[in-house]
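Structure first, then comments.
Just so you know, all these numbers are worked out from the coordinates, no wet-lab data involved. Small disclaimer: the values here were computed from a predicted structure and weren't measured. All Cβ positions, even for glycine, are placed from backbone atoms using ideal geometry, and neighbour counts span all protein chains on display.
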Amino acid sequence: MSLLAIVFGLFTFFFTPVVHAKDLTNSVIKIFVTSNKIDYYRPWQSLGVEAAAGSGAVIGGNRILTNAHVIAEYTFIQVKKDGDPKKYSASVLAVGYDCDLALLTVDDPEFFKGVMPLEIGELPQMQDAVTVLGYPQGGDKLSITKGVVSRIELISYSQSGRNLLTVQIDAAINPGNSGGPVIKDGKLVGIAMQVFQTGQNIGYMIPPPVISHFFKDLDDGRYDGFPVLGIDFDTAENPALRRFHKIENIEGGIVVTRVLPFSPAHGKMQEGDVVLAVDGIPIGEDGTFAFRGQERLSMPHLITMKQNNENVSLQIIRDGKQEEVQIPLNNFKPLIPYPNYFEKPPYYIYGGLVFTVLSADLLQAWGNAWWEKAPLDFTYYLVGSGRLNWKEKEDLIVLLNVLPDQVNIGYHEQSNQIVTTVNGQSVSSFKELVLLLNQIKKSQPFTVIETENGVKIILDNKNIDGATKEILERNNIPTQYSNDVAQWLNQENQPG
């Protein structure tokens, strides 16, 4: 090899161009969103048109990656590049509300000309320096801030309440930054997501493992979401507990305290099972596993990183014997559905009584600090022991309120009640309630609704359909029930 070739090779090695964050500004997009959110307390109407803005990052395939909460309940979306005065109309390709990610595209090919798509990088290390790009409030220009990675763990995503892997950084993240890229060595290593309001310089980004899971999920053209095993567990740190379960001579392990009805684990795991390993990865007595050398993460990460319809293998001790349990994961709906589970909330109006399903979206209808304002009867099923679904219900049926009429005199003040029985028959799902009410009004003289608080509402079924129609007209309510309810009733009325 000639001396010139060697020198040239060294020159190339030492002077390989480095991509800096400032060179990627045309890959960072400002997103303008018009939305019209559903009024979950009056589920037949919306709250009105609103305008907001967020950020996004251009990635391969002429796609824009952003937060799901940036485009939630959108009616119209536009995007704009830095330094370009023109806005382009955008459309949504996919949304993952549980992981707070969304994919957009722009049909006009001009938009992507000259734009360098960002490549997804690796999960950063502790104390790595990162750069956050986006369009926070306070100006129209692109903002660039720097910070370091200070923590990597599972925390609750504010958009969904799901505990997923998150990276904490100390770079400034403000309203409008949401959906913007976090860059390290010229690659996207996160999407700015949320801040810790009562802390200082505590921001969170969605890391590459969660982003990659989102993309892989979409390989079949449908988004299924992050799986849940469906168990509650205690750590096994207490010596007496370990002796009680006969695991004092076994390293690690967690103890199952509850198996949630209808979950993947239901019927396959039992209270008192000791989980020693997940897919061959040992679980420590504190419920964590080894991750990247000295780091540790909570056991649920091993579940959430799998795809729905995949199997998870658990090494357990049951009744003193070690065995292996294979559990197929699926789209598990908890007792109170996660936010944005319903495209539109189900509702049914019967004699002026407005029924719906208890959901996270309904709880959030109480506004800021809803966890303090919503009825305790409701939050008990979200954060109290009611979340364990001891009564094995598919839905929690809520009597939202009563639209006053002669047919329901004496009950006008009743609201926010959880329905337990109709004419003495227990109801465990919203569909069951609807079909039962439809049958009772045809076959029995009275409808008797009982709630968890002991409230009993008695309606005369004579001409109850006529009364309901008049109530709808007086209150300018377009339909008696939501589209899913209409399908149930049509199917029931089909000739058998």
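For the range 64-191, the share of alpha carbon pairs falling in successive 10 Å distance bins from zero is 11, 40, 38, 11, 0 percent. Less than 13 Å Cβ to Cβ from Thr421, Lys/Arg counted +1 and Asp/Glu -1: what total charge do the surrounding residues give? With Lys, Arg at +1 and Asp, Glu at -1, the neighbours total 0. The modelled label-to-label distance for the pair Thr25/Ile281, using points 7 Å beyond Cα in the direction of Cβ, is 4.1 nm.
Of the trypsin sites (Lys or Arg not before Pro) in the range 261-364, the ones in a loop by DSSP (not H, G, I, E or B) with at most 13 other beta carbons within 10 Å are Arg292. Distances between placed amide hydrogens fall under 5 Å for Leu93 paired with Leu103, Leu104, Thr105, all partners being 5 or more residues away or on another chain. Here the label points at Gln491 and Lys469, each 7 Å from Cα along the C-beta direction, are separated by 2.7 nm in the simple model. Rounding to the nearest 20 debye, state how big the charge dipole of the chain is about its Cα centre with +1 on each Lys and Arg Cβ and -1 on each Asp and Glu Cβ. For this selection, approximately 620 debye.
Rounded to the nearest whole Hz, the Karplus-based 3J(HN,Hα) values (6.51 cos²θ - 1.76 cosθ + 1.60, θ = phi - 60°) of the range 370-381 follow the sequence 4, 5, 9, 9, 5, x, 4, 4, 7, 5, 4, 7, with x at glycine and proline.
Based on C-alpha pairs under 8 angstrom that are at least 6 apart in sequence, the range 21-112 has a relative contact order of 28 percent.
The H on the amide N of Ile59, modeled in the peptide plane, is under 5 Å from the matching H of Ile64, Leu65, Leu118, each at least 5 residues off or on a different chain. Converting phi to 3J(HN,Hα) with the Karplus coefficients 6.51, -1.76 and 1.60 and the offset θ = phi - 60°, the range 260-270 yields 6, x, 6, 7, x, 7, 5, x, 10, 10, 9 Hz in sequence order, with x at every glycine or proline. Cross-link partners for Lys184 among the aspartates and glutamates, with Cα-Cα distance under 13 Å and sequence neighbours closer than 8 places in the same chain left out: Asp23, Glu119, Glu122, Asp128. Modelled spin labels at Phe32 and Ser426, positioned 7 Å past Cα toward Cβ, are 5.6 nm from each other.
Apply the a/c threshold of 1.5 to the C-alpha gyration tensor of the range 231-328 and tell me whether it is rounded, prolate or oblate. Oblate, because a/c is 1.5 or more while a/b does not exceed b/c. Just add up the charged neighbours of Val167: K/R +1, D/E -1, any other residue whose Cβ is under 10 Å from the Cβ of Val167. That works out to -1.
Look at the dipole of the chain built from charges on Cβ: of Ala290, Thr235, Asn423, the Cα furthest out on the positive end belongs to Ala290. Structural descriptor for the chain: relative contact order 10 percent, calculated from alpha carbon pairs under 8 angstrom and at least 6 residues apart.
Here the Karplus relation 6.51 cos²θ - 1.76 cosθ + 1.60, evaluated at θ = phi - 60°, turns the backbone of the range 25-31 into coupling constants of 4, 6, 8, 9, 10, 8, 10 Hz, with x for every Gly and Pro. Farthest toward the dipole's positive end in the range 129-220, which of Ile211, Val189, Leu164, given Cβ charges of +1 (Lys, Arg) and -1 (Asp, Glu) about the Cα centre? Selected residue: Val189.
Annotation for the range 207-253 versus the range 97-140: alpha-carbon center distance of 29 Å. Cα gyration tensor of the range 111-173, axes a ≥ b ≥ c as square roots of the eigenvalues: rounded (a/c below 1.5), prolate (a/b > b/c) or oblate? Prolate, since a/c reaches 1.5 and a/b exceeds b/c. Under the rule a/c < 1.5 gives rounded, and otherwise a/b versus b/c splits prolate from oblate, where does the chain land using the Cα gyration tensor? Here the chain falls in the oblate category.
Full extension of the chain between Asp128 and Arg222 yields a length gain of 30.4 nm, computed as 0.36 nm times the residue separation minus the alpha carbon distance. In this structure the amide hydrogen of Tyr350, modeled in the peptide plane, comes within under 5 Å of the amide hydrogens of Phe355, none closer than 5 places in sequence on its chain.
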